[in-house]
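The values are calculated or read from the model by the stated rules, or taken from the named source; none is laboratory data. Computed from a prediction, not measured in an experiment: that's the story for all the values here. Neighbour counts are summed over all protein chains in view; Cβ atoms, including those assigned to glycine, are modelled from backbone coordinates with ideal geometry. The protein model used for the area step is the full one, side chains on, heavy atoms only, and it has no ligands, DNA or RNA in it. Shrake-Rupley method; radii C 1.70, N 1.55, O 1.52, S 1.80 Å.
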2 protein chains.
Amino acid sequence: MSMSESLELVSATKSFGGWLKRYRHHARSLDCEMVFSIYLPPQAEERKVPVLWWLSGLTCNDENFMQKAGAQRLAAELGMAIICPDTSPRGLDLPGEHDSYDFGSGAGFYLNAKREPWSRHYRMYDYVNDELPSVARQHFPLNGREAISGHSMGGHGALVLALRQPGRFASVSAFAPVVNPMDAPWGQKAFKNYLGEERGDWRQYDACELVVKGVSRQPLFIDQGEADAFLDEQLKPERLETVCRTNNHPLTLRRQPGYDHSYFFIASFIDDHLRYHAKYLKLL
Amino acid sequence: MSMSESLELVSATKSFGGWLKRYRHHARSLDCEMVFSIYLPPQAEERKVPVLWWLSGLTCNDENFMQKAGAQRLAAELGMAIICPDTSPRGLDLPGEHDSYDFGSGAGFYLNAKREPWSRHYRMYDYVNDELPSVARQHFPLNGREAISGHSMGGHGALVLALRQPGRFASVSAFAPVVNPMDAPWGQKAFKNYLGEERGDWRQYDACELVVKGVSRQPLFIDQGEADAFLDEQLKPERLETVCRTNNHPLTLRRQPGYDHSYFFIASFIDDHLRYHAKYLKLL
């Protein structure tokens with residue numbers, strides 16, 4: 001193991017009999033220092049456990065989900081690890097990087113940027129898909145079974161990673177995901193600036209387009225609040241519903257009356273998602 | 001109902017089938033505007049429900065517990081409302097009020113101040129014990145059964161309110177409470193500045209002293225993390241253990257190995273506390 005793959009423990013907090021730990025490491029794919037959080041359930045002290053990757057939304061870092069979703073309770077019961085990466089490269093100071101909540105820091109969109117000045121560091125697809133999983137397998141007692149979920153921009157990330165790679169994840173789910181970023185303001189701003197004008201480059205990061213492309217047949221499990229302020233302009237779950245129906249792609253889309261875009265929405269339904277993944281991860 | 005008793009809805013968020021609401025109101029006892037949070041479980045739409053008062057610790061406001069403790073899941077199942085007051089008067093600018101984390105704003109210590117310039121506004125005992133409960137009974141479907149709990153400074157508050165008033169609360173519990181503030185730096189700083197030098201005034205706000213005084217015989221249920229960084233200097237649960245033993249006061253003190261002072265500790269054991277209170281609130 002090279003120096004660059006070493007982890008520095010930032011904090012360790014006991015939680016539901018297991019441990020929530022934060023680590024800092026040098027991310028080669030992003031060429032910067034990154035911090036991630038991992039929840040290790042009590043079972044991980046005795047055997048290898050499966051892991052759920054959680055990708056967070058705009059403005060979040062590795063901490064929000066662990067603090068607010070209330071997932072550790074059931075993860076500890078099931079014996080499931082959870083890893084939360086950060087949502088963008090950190091500690092840089094690229095021009096305009098910190099100017100808006102929906103682009104740059106806190107808004108990496110889980111893609112590999114092609115345009116300057118972003119292409120050197122903003123490679124969150126590679127970081128989340130390859131580098132961090134490789135680091136995690138080296139350092140933690142994981143049994144090789146992996147599932148993925150996320151919220152909003154992170155729901156987009158989870159769907160894209162799974163739809164591009166059949167078999168890579170045992171299961172995929174999302175809360176209020178951006179399903180058609182090519183046709184939503186958040187996605188268009190990100191894609192234009194990170195990727196450029198070529199729409200062929202955009203399609204590989206758009207869940208609706210990937211369902212049409214049809215590489216994966218993996219079932220999608222999605223919860224969407226009906227009182228979500230971003231529903232009509234940014235999230236558009238009906239787009240995914242339509243392409244899944246047309247392309248015969250299995251989708252469970254639950255519309256939850258009265259729920260908004262917050263972590264209170266996520267917390268209200270996270271147990272359903274953990275149990276869904278637990279089945280595919282062979283914990284149930 | 002006078003104008004001063006009206007509530008302004010700040011936000012309403014659906015959570016576990018119920019509603020988390022924040023309200024602003026003019027607090028007469030504090031002579032300032034205050035915000036509090038209430039979680040109303042789904043059962044509250046059909047019938048009156050009991051309430052658990054939650055008093056938070058230093059630096060917190062009405063939001064921390066609702067965001068981080070994960071209590072709504074079981075509260076929704078049990079049919080229990082939860083109300084979180086703020087931890088001090090707000091919106092003032094008294095000399096030195098915002099200078100330290102353990103005194104002034106965010107650190108009201110649930111007492112009625114006697115010294116200038118604090119005595120006009122810093123009357124959190126009256127606010128939490130009388131005014132806010134009265135407001136809550138007027139505006140929400142509460143059935144009159146009340147329990148109380150809290151964390152750290154708020155655990156101190158919960159114990160003091162209950163021990164001074166036999167029968168006022170159906171049950172009381174605490175996480176990592178300051179049990180003997182008269183002999184701990186946080187408490188001494190607060191008591192000296194809010195109350196003055198007269199130790200007779202201090203005793204009515206010290207759980208250990210109140211157990212010795214023996215007005216109440218109500219059982220105390222306490223969780224304390226053994227890896228809590230404040231254990232030896234500020235919290236000193238062994239003091240309470242000793243006076244309870246000496247005075248034959250019922251105490252269940254659970255020392256939890258490895259747990260610290262954070263909300264991750266609270267979240268890990270909040271279900272035990274909710275079930276404990278549910279029994280006394282006649283929900284179980």
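For A:Met34, are the conditions met, namely being within 14 Å of chain B (Cβ to nearest Cβ), open to solvent by less than 20 Å² (accessible area, probe 1.4 Å) and in contact (Cβ under 8 Å) with a residue 12 or more places away in the chain? So A:Met34 fails the test. Of all residues in the range A:39-64, those that are closer than 16 Å to A:Met80 by Cα have Cβ atoms under 7 Å from Cβ atoms of residues that are of a type in the set (S, T, N, Q) and open to solvent by 50 Å² or more (accessible area, probe 1.4 Å), 6 or more apart or on another chain, in A:Lys48/A:Asn143; A:Val49/A:Asn143; A:Pro50/A:Asn143.
Among the residues of the range A:185-207, the ones that are part of a loop (DSSP other than H, G, I, E, B) and surrounded by 22 or more Cβ atoms within 10 Å (Cβ to Cβ) come to 2 in all.
Considering each residue of the range A:216-236 in turn, at least one proves to be under 23 Å from B:Arg73 (Cα atoms), hydrophobic (A, V, I, L, M, F, W, C) and within 14 Å of chain B (Cβ to nearest Cβ). Consider B:Ser6 carefully, then state whether it is open to solvent by 30 Å² or more (accessible area, probe 1.4 Å), over 16 Å from the mean Cα position of the chain (by Cα), more than 24 Å from B:Ser119 (Cα to Cα) and modelled with pLDDT under 95. Against the criterion (open to solvent by 30 Å² or more (accessible area, probe 1.4 Å), over 16 Å from the mean Cα position of the chain (by Cα), more than 24 Å from B:Ser119 (Cα to Cα) and modelled with pLDDT under 95), B:Ser6 qualifies. Could you list, in sequence order, all residues of the range B:9-31 that are open to solvent by 60 Å² or more (accessible area, probe 1.4 Å) and over 28 Å from B:Arg123 (Cα atoms)? Within the range B:9-31, just B:Trp19 meets the criteria.
Being in a strand (DSSP E or B) and within 14 Å of another protein chain (Cβ to nearest Cβ): is that true of B:Ile148 here? Explain how you work it out, then say what you get.
Details: in a strand (DSSP E or B): yes; within 14 Å of another protein chain (Cβ to nearest Cβ): no.
It is false that B:Ile148 is in a strand (DSSP E or B) and within 14 Å of another protein chain (Cβ to nearest Cβ).
Of the residues contained in the range B:227-235, one or more are found to be in a helix (DSSP H, G or I), of a type in the set (S, T, N, Q) and crowded, with 21+ Cβ neighbours inside 10 Å.
Go through B:His121, B:His98 for me and flag whichever is buried (at least 21 other Cβ atoms within 10 Å of the Cβ) and either assigned to a loop (DSSP other than H, G, I, E, B) or touching a helix residue (DSSP H, G or I) at 6+ places or on another chain (Cβ under 7 Å) (or both). Only one candidate passes the filter, namely B:His121. Checking each residue in the range B:52-67 for being assigned to a loop (DSSP other than H, G, I, E, B) and of a type in the set (A, V, I, L, M, F, W, C) picks out B:Leu58, B:Cys60. Within the set A:Asp130, A:Asp86, the sole residue that is under 17 Å from the mean Cα position of the chain (by Cα) and under 30 Å from B:Phe65 (Cα atoms) turns out to be A:Asp86.
Restricting to the range A:73-84, and then to whatever is open to solvent by less than 10 Å² (accessible area, probe 1.4 Å) and under 17 Å from A:Phe269 (Cβ atoms), can you tell me which residue is nearest to the other protein chains (Cβ to nearest Cβ)? Out of the qualifying residues, it is A:Leu74. Restricting attention to the range A:7-50, the residues that are in a loop (DSSP other than H, G, I, E, B) and in contact with a strand residue (DSSP E or B) (Cβ under 7 Å, 6 or more places away or on another chain) add up to 5. For the range A:42-49, the condition holds for no residue, the condition being that it is open to solvent by less than 20 Å² (accessible area, probe 1.4 Å), within 12 Å of chain B (Cβ to nearest Cβ) and within 16 Å of A:Arg137 (Cα to Cα). Checking each residue in the range A:238-263 for being touching a strand residue (DSSP E or B) at 6+ places or on another chain (Cβ under 7 Å), outside any loop (DSSP other than H, G, I, E, B) and free of Cβ contacts under 8 Å to residues at least 60 places away in the same chain picks out A:Glu241, A:Cys244, A:Leu251, A:Thr252, A:Leu253, A:Arg254, A:Arg255, A:Gln256. Only a single criterion out of (1) assigned to a helix (DSSP H, G or I); (2) open to solvent by 20 Å² or more (accessible area, probe 1.4 Å) is not satisfied by A:Tyr127, namely (2).
Looking at B:Lys213, is it among the basic types (Lys, Arg) and surrounded by 14 or more Cβ atoms within 10 Å (Cβ to Cβ)? For B:Lys213, the condition - among the basic types (Lys, Arg) and surrounded by 14 or more Cβ atoms within 10 Å (Cβ to Cβ) - is met.
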